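Enquirer: Could you have a look at this structure, given as structure tokens, before my questions?
The values are calculated or read from the model by the stated rules, or taken from the named source; none is laboratory data. Given the structure is predicted, the values throughout are model-derived calculations rather than measurements. Cβ atoms come from the backbone with ideal geometry, glycine included; neighbour counts cover every protein chain shown. Accessible surface areas use protein heavy atoms only, side chains included; no ligands, DNA or RNA. Shrake-Rupley method; radii C 1.70, N 1.55, O 1.52, S 1.80 Å.
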4 protein chains.
Amino acid sequence: MTDWRTSLTDIGPNRILVRGYPLDEVMGRASFGETIYLLLTGELPSPAISRLIEAMLVSFIDHGATPPSTLSARNAATTGSSLRSSVAAGILAFGPHHGGDILACRARIDEALTHMHGGLSMQAAADTLTARMLASAEIPPPGFGHRHHTKDPRASRLLQLALELGVDGNYTQMLRAIERSLAKHPDLASRPMPINVDGAIAAVSGDAGLSPEIADALLLISRVPGLAAHSLEEQAREAPMRTIDPTHHAYDGPAARRLSGRRK
Amino acid sequence: MTDWRTSLTDIGPNRILVRGYPLDEVMGRASFGETIYLLLTGELPSPAISRLIEAMLVSFIDHGATPPSTLSARNAATTGSSLRSSVAAGILAFGPHHGGDILACRARIDEALTHMHGGLSMQAAADTLTARMLASAEIPPPGFGHRHHTKDPRASRLLQLALELGVDGNYTQMLRAIERSLAKHPDLASRPMPINVDGAIAAVSGDAGLSPEIADALLLISRVPGLAAHSLEEQAREAPMRTIDPTHHAYDGPAARRLSGRRK
Amino acid sequence: MTDWRTSLTDIGPNRILVRGYPLDEVMGRASFGETIYLLLTGELPSPAISRLIEAMLVSFIDHGATPPSTLSARNAATTGSSLRSSVAAGILAFGPHHGGDILACRARIDEALTHMHGGLSMQAAADTLTARMLASAEIPPPGFGHRHHTKDPRASRLLQLALELGVDGNYTQMLRAIERSLAKHPDLASRPMPINVDGAIAAVSGDAGLSPEIADALLLISRVPGLAAHSLEEQAREAPMRTIDPTHHAYDGPAARRLSGRRK
Amino acid sequence: MTDWRTSLTDIGPNRILVRGYPLDEVMGRASFGETIYLLLTGELPSPAISRLIEAMLVSFIDHGATPPSTLSARNAATTGSSLRSSVAAGILAFGPHHGGDILACRARIDEALTHMHGGLSMQAAADTLTARMLASAEIPPPGFGHRHHTKDPRASRLLQLALELGVDGNYTQMLRAIERSLAKHPDLASRPMPINVDGAIAAVSGDAGLSPEIADALLLISRVPGLAAHSLEEQAREAPMRTIDPTHHAYDGPAARRLSGRRK
């Protein structure tokens, strides 16, 4: 009796088919990022989408020692918990206020696109959204502003890549229109609210044809290496059961260096 | 006052340096798999190591609906838990008996290599290890045998890739020597014990110069997309609060298809 | 510099004050259930509330091997994960559809009480709620009906205890009024929808003066012993890495026995 | 087909038997602490054991805002994660170095008891253990010393209760003998190493006939209310996504007060 079905992976004796492809054929022919896309969407990405997805996954891989998720993982690691437990503790500290802006920003862009499809120009639709968000005190809006950055380098790069690769459509254009609305609004003159990495991922994933759920899953997947690296470093470098001060620490890794010549 | 240090990521205003590289320069130039390697080891991989790491990450990305980790994630998802909670529940079901063979197999290979460095030939060293494992009832040894596969296609492919890329050294050669020892041992004649994916990853990661802890972290990272995909599918396709039968289900995704022409 | 405050526990050298009481004085003088109440609400309970809280905590302590939360814990335990990891995996499988009815049922009772405070009789208020829930397809309503029980023995007992202890007020009375509404409604004649344990806890905790958040926390706390017991039993009695069939198992503990003579 | 068995809880229509007792009969007749004991051991406790178990569960219920487990829960809560996710994150930060001393201390006492059963006096057996621990740098030994307390008030009270209730046997007596060994040892003259709460629980649970696994489970269960209380307080009192400083905070709950007159 078969009582339920899955469309992800078919397992038989000496056979593992991911979305129909033999996993051993995928190995060495598609990258990890491409196979993530295959598993989540059902198909391998085009070269342009592939490059964008890799960049998206890279953009969120780590943000230093201060995010609550990283502190949660390090607090688990300092007690001697396993790598798995420490990473899981870190994942559980990605609540709606931390990494949750992708879903929320996507919903705002969709709201503005609805105004545009109703007949407004793109900028007028963005202005309507901005006025509505100001009225409901949704400022800074999801996808804009950052605790540390006045200009989030990851956002600029992701949007530029989308442009270069021809993947910038309604979502990224509307995101920029909202940014212009915010910049010119008299009530917000003193508060710069640039696009942040969550906003850029929300828009670019929309233009890449990903559902909000899959974009959100990509974000979660992309930060796991960061949580793992901090958990390993905590146990390798620090004394057990230490009190982890979230502010008084410093970076002592390799000095700043350039990667410009390299092209994947 | 600076009371502790991290060598992973340097955060400053409008600047994110991962192991010294500006993250926005890495985006679009290095893949997700290469950036994982950079974050964990401190350097970007050579082209050969890069291809091997990607294949290793792909090899473990999913194994269908029956592993306990996948069932744990699906049991969380069926109650309406968030993607993050479901994935964390899945990670917590990667105990020592599930995905733990990489560390154990690596230790066995190291044990045999110690015999070899003590003067034995590679095969004699492998035979010595096999005799010792038989005496302590460590059969099947970690890295050999599989519940579903008599010949694990992922293991064969990973070892072949290592050979093609010139990354096969003492670890993979010793793994094969142990396989030969097991195959020829009279007590094990009726029990084929082929190298499984954990064994292949253990050996290949050794020859690629990765520490056991980093190889273990790669394994954990590589399965997160599978856990996320099953959690999303559970909530998209099935009724809430269902009883999840781990055996009576079927695959209904794309039919078997080939990928041979593609080359990353 | 003091930058934040907590009102729970004061730690000084050789001194631990929980809500002002020296923890060593509480030990031996208040029960675990009473101290949970102290920690969550700030005060020790009266004798009547104490007895009710203990019964509430007992009512939810375990429900056998089939709930998704228990299966998630057992799937972690079978892989050799630690007790802590297995219990955490179980907790993560308490999503909105599993144990979430307490908050939802409490909200429905509050909705009916608002009708009553607006001038309706209690029964008319319950009937208004029932009609509204039928119109919005909220049937069975949260707090009513059960997969296994047509008459949930825990619900009856908890409501009877509240009556005996004089703690039954508007919440429990309204819960019963809603039950009568459901029973007499012509569209639901063939579907008995008795009060379940979630509904009873929702109502009784309301009359006991607990906020919905604290009632929800009590529920979570109360099931942890069940998750721990199943995790320990899984590792003590079963082979590692087994496939856990959620339906084909049987109880082999002590035969049915009575406790009637005992009084705490 | 029945393919596995459980001895914990028997579920039938309108019937829930925990270790044979109808759960609705247990409600109101046994406390939560007693029912935890029933579920974990199979029988209800005697009155003396009951009082000791309640005190043991109370002793570990919370230790303020600084333990890594509490910080992990609060770091999850500040991101808007659910109560369940925050509590799970807290549990995952109970690694071997945090709350793990119960199992380790129990093993040390067992080691000394083995010397005693081999013919040594109790004190000589304790001295032998102390000498062995000094030689292997196991100082402070598990169960002795504390970051905050030179005399742990919970340990004194638990041992005194065990004495009053006639439950102090070989384990508690040996624990005190080890404390004397440490106090009189010339190498440790300047380092007072009093029994801590983990040591007291390890010994008392031994004399109460609990297995180490069950004592460890009791410890985990006992701290869940503390993790829940901190998670709720974090979301009720603090701004989302704050940086949680583990040192600069103060207690602002009820002033110190006495409970002496009360007797459970």
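Enquirer: Taking the condition at positive phi, under 18 Å from the mean Cα position of the chain (by Cα) and modelled with pLDDT under 95, does A:G64 pass?
Expert: No, not satisfied.
Enquirer: Then there's this: For the stretch A:234-258, which residues satisfy the criterion of being facing chain B (nearest Cβ under 7 Å) and open to solvent by less than 10 Å² (accessible area, probe 1.4 Å)?
Expert: Hits for the stretch A:234-258: nothing passes.
Enquirer: Counting just the residues of the stretch A:127-142 that are in a helix (DSSP H, G or I) and not charged (D, E, K, R), which one comes out surrounded by the fewest Cβ atoms within 10 Å (Cβ to Cβ)?
Expert: The qualifying residue surrounded by the fewest Cβ atoms within 10 Å (Cβ to Cβ) is A:A135.
Enquirer: Please indicate, with yes or no, whether at least one residue in the stretch D:126-140 is within 16 Å of D:A177 (Cβ to Cβ), of a type in the set (V, I, T) and touching a Phe, Trp or Tyr at 6+ places or on another chain (Cβ under 9 Å).
Expert: Looking for residues that are within 16 Å of D:A177 (Cβ to Cβ), of a type in the set (V, I, T) and touching a Phe, Trp or Tyr at 6+ places or on another chain (Cβ under 9 Å), one finds none in the stretch D:126-140, hence no.
Enquirer: Right, another one. If B:G145 passes every condition in (1) more than 14 Å from chain C (Cβ to nearest Cβ); (2) open to solvent by less than 50 Å² (accessible area, probe 1.4 Å) but one, which one does it miss?
Expert: Failing condition for B:G145: (1).
Enquirer: Could you list, ordered by first residue, the pairs with Cβ atoms under 6 Å in which the first is in the stretch A:4-24 and on the phi > 0 side of the Ramachandran plot and the second is open to solvent by 30 Å² or more (accessible area, probe 1.4 Å), at least 6 apart or interchain?
Expert: Partner pairs satisfying both residue conditions: A:N14/B:K151; A:R19/B:P254; A:G20/B:P254; A:G20/B:A255; A:G20/B:A256; A:G20/B:R257.
Enquirer: When you scan the stretch A:161-170, do you find a residue that is of a type outside the set (G, A, S) and farther than 28 Å from B:Y21 by Cα, even just one?
Expert: Yes, the stretch A:161-170 contains at least one residue that is of a type outside the set (G, A, S) and farther than 28 Å from B:Y21 by Cα.
Enquirer: In the list D:D152, D:D101, which residue meets the criterion of being in contact (Cβ under 8 Å) with a residue 60 or more places away in the chain and within 29 Å of A:A89 (Cβ to Cβ)?
Expert: After applying the criteria, what remains is D:D101.
Enquirer: Next question. Just checking: which of the helices (runs of 4 or more DSSP H) contained wholly in the stretch B:28-126 hold 1 or more residues that are among the polar types (S, T, N, Q) and within 14 Å of chain C (Cβ to nearest Cβ)?
Expert: In the stretch B:28-126, B:68-77, B:83-92 are the helices (runs of 4 or more DSSP H) which contain 1 or more residues that are among the polar types (S, T, N, Q) and within 14 Å of chain C (Cβ to nearest Cβ).
Enquirer: Within the set of pairs 6+ apart or on separate chains, which have a first residue in the stretch D:31-49 that is under 14 Å from C:S222 (Cα atoms), a second that is surrounded by fewer than 22 Cβ atoms within 10 Å (Cβ to Cβ) and of a type in the set (G, A, S), and C-beta atoms under 6 Å apart?
Expert: Partner pairs satisfying both residue conditions: D:E34/D:S50.
Enquirer: Let me spell it out: the conditions are (1) open to solvent by 10 Å² or more (accessible area, probe 1.4 Å); (2) farther than 18 Å from B:S50 by Cβ; (3) of a type in the set (D, E, K, R), and A:D62 meets all of them except one. Which number is the exception?
Expert: (1)
Enquirer: Identify, by number, the condition in (1) closer than 25 Å to C:R84 by Cα; (2) open to solvent by 50 Å² or more (accessible area, probe 1.4 Å) that C:A183 doesn't meet.
Expert: For C:A183, the failing item is (1).
Enquirer: Can you pull out every residue in the stretch C:52-85 that is of a type in the set (D, E, K, R), in contact (Cβ under 8 Å) with a residue 12 or more places away in the chain and farther than 18 Å from C:H98 by Cβ?
Expert: Residue satisfying the conditions is C:E54 alone.
Enquirer: In this structure, is D:S50 at pLDDT 95 or above, surrounded by fewer than 24 Cβ atoms within 10 Å (Cβ to Cβ) and of a type outside the set (A, V, I, L, M)?
Expert: When the stated conditions are applied, D:S50 passes them.
Enquirer: I've got another one for you. I want to confirm something. Restricting to the stretch A:1-24 and keeping residues that are more than 16 Å from B:H230 (Cβ to Cβ) and touching a helix residue (DSSP H, G or I) at 6+ places or on another chain (Cβ under 8 Å), which single residue is most open to solvent (accessible area, probe 1.4 Å)?
Expert: Residue satisfying both the conditions and the ranking: A:R15.
Enquirer: Does B:S211 meet the test of being within 27 Å of A:A73 (Cβ to Cβ) and crowded, with 24+ Cβ neighbours inside 10 Å?
Expert: No, not satisfied.
Enquirer: Give the number of residues within the stretch C:11-27 that are assigned to a loop (DSSP other than H, G, I, E, B) and charged (D, E, K, R).
Expert: Of the residues in the stretch C:11-27, 1 are assigned to a loop (DSSP other than H, G, I, E, B) and charged (D, E, K, R).
Enquirer: Among the numbered criteria (1) touching a Gly at 6+ places or on another chain (Cβ under 9 Å); (2) open to solvent by less than 20 Å² (accessible area, probe 1.4 Å), which single criterion is violated by B:G99?
Expert: Going through the list (1) touching a Gly at 6+ places or on another chain (Cβ under 9 Å); (2) open to solvent by less than 20 Å² (accessible area, probe 1.4 Å), B:G99 breaks only (1).
Enquirer: Mind checking whether some residue in the stretch A:222-233 is within 30 Å of A:L113 (Cα to Cα), surrounded by 15 or more Cβ atoms within 10 Å (Cβ to Cβ) and at the interface with another protein chain (Cβ under 8 Å from one of its Cβ atoms)?
Expert: yes
Enquirer: I'm trying to understand the selection: among the residues of the stretch C:211-221, which are in contact with a helix residue (DSSP H, G or I) (Cβ under 7 Å, 6 or more places away or on another chain) and more than 7 Å from chain D (Cβ to nearest Cβ)?
Expert: C:P212, C:I214, C:A215, C:L218, C:L219 - these are the residues of the stretch C:211-221 that are in contact with a helix residue (DSSP H, G or I) (Cβ under 7 Å, 6 or more places away or on another chain) and more than 7 Å from chain D (Cβ to nearest Cβ).
Enquirer: Right, something else. Residues D:T78, D:T41: which one is hydroxyl-bearing (S, T, Y), surrounded by fewer than 24 Cβ atoms within 10 Å (Cβ to Cβ) and over 30 Å from C:E164 (Cα atoms)?
Expert: Checking each option against the conditions leaves just D:T41.
Enquirer: Could you count how many residues in the stretch B:131-158 are under 18 Å from B:D110 (Cβ atoms) and within 14 Å of the chain's Cα centre (by Cα)?
Expert: Residues flagged as under 18 Å from B:D110 (Cβ atoms) and within 14 Å of the chain's Cα centre (by Cα) within the stretch B:131-158 amount to 3.
Table: residues versus (1) away from every other protein chain (no Cβ under 14 Å); (2) within 22 Å of B:A125 (Cβ to Cβ); (3) open to solvent by less than 10 Å² (accessible area, probe 1.4 Å).
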position: B:D152; (1), (2), (3): no, no, yes
position: B:L163; (1), (2), (3): no, yes, no
position: B:Q173; (1), (2), (3): yes, yes, no
position: B:A177; (1), (2), (3): yes, yes, yes
position: B:M193; (1), (2), (3): yes, yes, no
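Enquirer: Restricting to the stretch B:228-251, what's the tally of residues that are within 26 Å of the chain's Cα centre (by Cα) and acidic (D, E)?
Expert: Qualifying residue count, the stretch B:228-251: 2.
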